[in-house]
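A short worksheet on the structure shown next.
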Amino acid sequence: MKYLKLIICLLSIINVSILQSQDVESFILKAPEKPFYTIKKIGILEFECSNNRNMNTIITNFIVTDLLDQFRGIYDKESKYWGLKKGKEGQTFIKGVKTDFYQIIERDQLQKVLIEQRLSLSGAIDEGSAAEVGRLLGLDIIIMGTVSYSSVDEKGSSLLGLASSSGSNCLTRKVVAKGTMKMVSVETAQIVGTKSAETELKIYKCDDQRSGIPRPEIMAETCMKQLAREFTDYFAPGYQYIEYEFEKIKLKEFKSKGKEAMGYVENGDLDRGFPIVYAMFEADSYNPKAAYNLGILYEMVGSYPDAYEYYNIAYELDYTNDRYAQAAKRAKAGIGLNEYLEDIGRPVEPYTFTGGGAAGALADRVKIKGSSSDRTDVYELPDKSSSVVAKVPGELEFNVIKKSGQFYKIQLRGTKTGFVHKSDVK
């Protein structure tokens, strides 16, 4: 029982940490590690696995499938990400961009040419031969590579260092997969890109559960899927899951409005959150936190030039903050990605924030008492004996321009203003 309490305590600490550090989740467009924005047509030779020939086709199929995915990188919370853990909700505010950018040559066409040239389908052929095959098929790039995996079983106590019910009858199986991808230019027969990657998967079970650990080759398939994603991320744009932690603006006059804005954004209502975030920057344009928060909203909708502008402002104001530096670097790469998407006719649909402008976004608001069928007098002056300029229904909210004694001066429709007594508002 004491071990159970300890485990619950540890999990509680972990969960609290996650909740404190995670504000808003979103999938954004991600520029590749090394852009190859002139590539249109690709051929993929079977990768060579040194210790399991069955993996030759498996890793190659994973790469092809990944490149043909129209929303590469987005996954739904009900699905299993990589088959390892529960995914996050696939929410993105990017519109109009599908990620099946390349024409992938069909395997039978590639096989036919390879046979005609008396070459193997595997990646064992040299770069010159690969380029020749690519020229015959009118390709831009030939992709080839090698992979391998190893596994090890470790017996002993549980991961938390606690004994199982029968002593230390536990097993941890670890599979490590490694690989290198080469991108060969068909025009020059030279290697123009290379990516090496390594992934691992551990599964741990105790007692009667040990038989449930998958065989090493099954675990290796999961690792190969991870390797495939590493390889495609090297040169292909896609979507990236990101957890944004908005900066807390500690200035007293912004505190409540900051919470209000984050509430909107966390619920996916960017239109209502944006005017407040923008107004906070306008009110204190030398505050790096305000600039950074504004950059986040622009990045979430794929407006990378705007995101870069405000991330860069944040970094210039606080060049010691590595998070600002990384955000600016990410947005700068995104500008190149946006230009590529324009060139291929798949631009990001411009996102127009419809929640109104910055003016009045930071103002205090009051709600009129009563129901929608009631009418409350709004006066020309802060005096009940003055002329009534409007009769407004209950439950409506209004921005407060200023407080004058027992009255609030409120903004009515258009440019009209008036005074409402404090007894008439909530």
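Each residue in the range 402-420 was checked for being assigned to a loop (DSSP other than H, G, I, E, B) and surrounded by 14 or more Cβ atoms within 10 Å (Cβ to Cβ), and 1 of them qualify. Scanning for something more than 22 Å from Val366 (Cα to Cα), surrounded by 22 or more Cβ atoms within 10 Å (Cβ to Cβ) and out of contact with any Cys (no Cβ under 8 Å at 6 or more places or on another chain), does the range 245-252 turn up at least one residue? Checked the range 245-252: at least one residue is more than 22 Å from Val366 (Cα to Cα), surrounded by 22 or more Cβ atoms within 10 Å (Cβ to Cβ) and out of contact with any Cys (no Cβ under 8 Å at 6 or more places or on another chain).
Taking the condition of a type outside the set (A, V, I, L, M), part of a helix (DSSP H, G or I) and crowded, with 23+ Cβ neighbours inside 10 Å, does Tyr264 pass? Taking the combined requirement at face value, the residue does not satisfy it. Candidates in the range 292-318 are the residues that are within 20 Å of the chain's Cα centre (by Cα) and small (Gly, Ala, Ser); of these, the one that is farthest from Gly334 (Cα to Cα) is Gly295. If you take the residues in the range 27-59 that are among the small types (Gly, Ala, Ser) and modelled with pLDDT of 90 or more, which one is surrounded by the most Cβ atoms within 10 Å (Cβ to Cβ)? Among those that are among the small types (Gly, Ala, Ser) and modelled with pLDDT of 90 or more, it is Gly43. The C-beta contact set for the range 251-268 (first residue farther than 20 Å from Tyr286 by Cα, second residue hydrophobic (A, V, I, L, M, F, W, C) and part of a loop (DSSP other than H, G, I, E, B), distance under 6 angstrom, 6+ apart or interchain) comprises Met262/Phe246.
Condition check ((1) surrounded by 14 or more Cβ atoms within 10 Å (Cβ to Cβ); (2) modelled with pLDDT under 90; (3) under 30 Å from Gly302 (Cα atoms)) across all residues:
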{"residue": "Ile63", "(1), (2), (3)": "yes, no, yes"}
{"residue": "Tyr81", "(1), (2), (3)": "no, yes, yes"}
{"residue": "Gly96", "(1), (2), (3)": "no, yes, yes"}
{"residue": "Tyr102", "(1), (2), (3)": "yes, no, yes"}
{"residue": "Val133", "(1), (2), (3)": "yes, yes, no"}
{"residue": "Ile143", "(1), (2), (3)": "yes, no, yes"}
{"residue": "Ser150", "(1), (2), (3)": "no, no, no"}
{"residue": "Ser157", "(1), (2), (3)": "yes, yes, no"}
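Does Glu187 fit the bill of being acidic (Asp, Glu), in contact with a Cys (Cβ under 8 Å, 6 or more places away or on another chain) and outside any helix (DSSP H, G or I)? Criteria not met by Glu187. Among the residues of the range 213-247, those that are of a type in the set (D, E, K, R), without any contact (Cβ under 8 Å) to a residue 60 or more places away in the chain and not in a helix (DSSP H, G or I) comprise Arg215, Glu247. Here Ala307 fits the description: surrounded by 22 or more Cβ atoms within 10 Å (Cβ to Cβ) and either modelled with pLDDT of 95 or more or not hydroxyl-bearing (Ser, Thr, Tyr) (or both).
Against the conditions (1) under 23 Å from Ala236 (Cβ atoms); (2) hydrophobic (A, V, I, L, M, F, W, C); (3) at pLDDT below 85, Leu119 satisfies every one except (1). With the structure loaded, tell me whether Val392 is modelled with pLDDT under 90, touching a Leu at 6+ places or on another chain (Cβ under 8 Å) and in the same structural domain as Leu412 (by TED's automatic domain parsing) or whether it fails that test. Yes, satisfied.
All conditions in (1) in contact with a Leu (Cβ under 7 Å, 6 or more places away or on another chain); (2) in a strand (DSSP E or B); (3) not hydrophobic (A, V, I, L, M, F, W, C) hold for Asn399, with the sole exception of (1).
Filtering the range 382-396 to residues that are in a strand (DSSP E or B) and surrounded by fewer than 17 Cβ atoms within 10 Å (Cβ to Cβ) leaves Val388, Val389, Lys391, Pro393.
The values are calculated or read from the model by the stated rules, or taken from the named source; none is laboratory data. Everything quoted here is computed from the prediction, not taken from an experiment. As a convention, Cβ positions derive from the backbone with ideal geometry for all residues, glycine included, and neighbour counts pool all protein chains shown.
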